[in-house]
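Please read the structure below before turning to the comments.
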Amino acid sequence: MSIHPLHDALGTVRVLRRSLLEKQRFKGWSGPTRFMSGGVALIASCLLHFHLLPSDNFGTTLVWGSVFLAAMILNLSALVYWFLHDEAVDRDPHRLRPILDVMPPLAVGALFTFVLIWNRNFDPLYGTWMCMFGLTNLASRYVLPPAISLVGVFYILSGALCLLLPGIGFTQTPLAMGMVFCIGECSGGTVLHLDDRRYAAILREFREEEPSAEETDV
């Protein structure tokens with residue numbers, strides 16, 4: 001029988017706080033996979049810049065399509081692993097709802113990419129892709145650390161410069177895309193990594209604050 005109703009109430013509050021924290025923070029996106037995606041983009045851009053890969057319009061499109069596919073596979077693999085193995089998720093499909101937030105920017109970006117390639121207007125692609133990634137980061141700002149918004153703004157400003165400045169060509173300046181994507185993804189990965197550490201520290205604090213059986217029971 002409990003003789004410390006105040007301890008019981010505090011324990012309940014701590015459990016609710018921890019549950020709320022776990023539901024607010026979407027952990028399906030992985031910091032390490034963003035680092036790897038940025039590295040792949042930078043390597044691809046260097047290979048294109050030094051003409052170690054086919055660097056005509058078709059070849060460059062194929063290379064960047066492969067980079068985006070690799071990044072998607074990396075991120076989706078991390079997402080599936082989190083969904084299947086995180087006990088707090090308990091394989092609840094409702095926890096995947098934040099994915100829907102990034103779908104509209106990706107869909108619009110895919111549409112613009114198709115139209116530009118169909119019309120053989122390749123030069124605006126880098127700016128379009130940067131803006132698309134900027135919008136996906138902004139769309140996740142309510143379920144990811146607030147600093148992710150800065151990553152989104154960086155992408156959009158970089159995309160605007162690529163669209164407005166002369167001399168940014170699809171086959172002439174692959175390093176522009178590689179460097180922006182690498183900086184953006186590494187920055188996003190850093191934000192997620194630091195937040196994971198903060199999140200783990202808070203959970204440890206909650207566990208330490210939870211009353212033991214000796215404190216609550218006779």
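Derivation of every value follows stated rules applied to the coordinates shown; laboratory data play no part. Everything numeric in this text was worked out from a predicted model, so none of it was measured. Note: ideal-geometry Cβ built from the backbone for every residue, glycine included; neighbour counts use all protein chains shown.
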³J(HN,Hα) computed for each position of region 183-188 - Karplus, 6.51 cos²θ - 1.76 cosθ + 1.60, integer Hz, glycine/proline x: 4, x, 6, 5, 5, x
How do 152-158, 110-116, 84-90 rank on mean C-beta neighbours within 10 Å, highest first? 152-158, 110-116, 84-90
Tell me which residues come under 5 Å, amide H to amide H, from D123 once H is placed; ignore anything under 5 positions away on its chain. F170
Karplus couplings for region 109-124 from phi (6.51 cos²θ - 1.76 cosθ + 1.60, θ = phi - 60°), rounded to Hz, Gly and Pro as x? x, 5, 5, 4, 4, 4, 5, 5, 5, 4, 8, 6, 10, 7, 4, x
What distance in nm separates the two pseudo spin-label positions at L100 and N57, each 7 Å out from Cα along the beta-carbon direction? 3.9
Net lengthening on full extension, R204/R120 (0.36 nm per residue, minus Cα-Cα): 24.7 nm
Taking amide H positions as placed 1.01 Å from N in the peptide plane, with prolines and chain starts having none, which residues 5 or more places from V89, or on another chain, fall under 5 Å of its amide H? none
Of 131-138, 58-65, 36-43, 74-81, ordering from highest average Cβ density within 10 Å down gives 131-138, 36-43, 58-65, 74-81
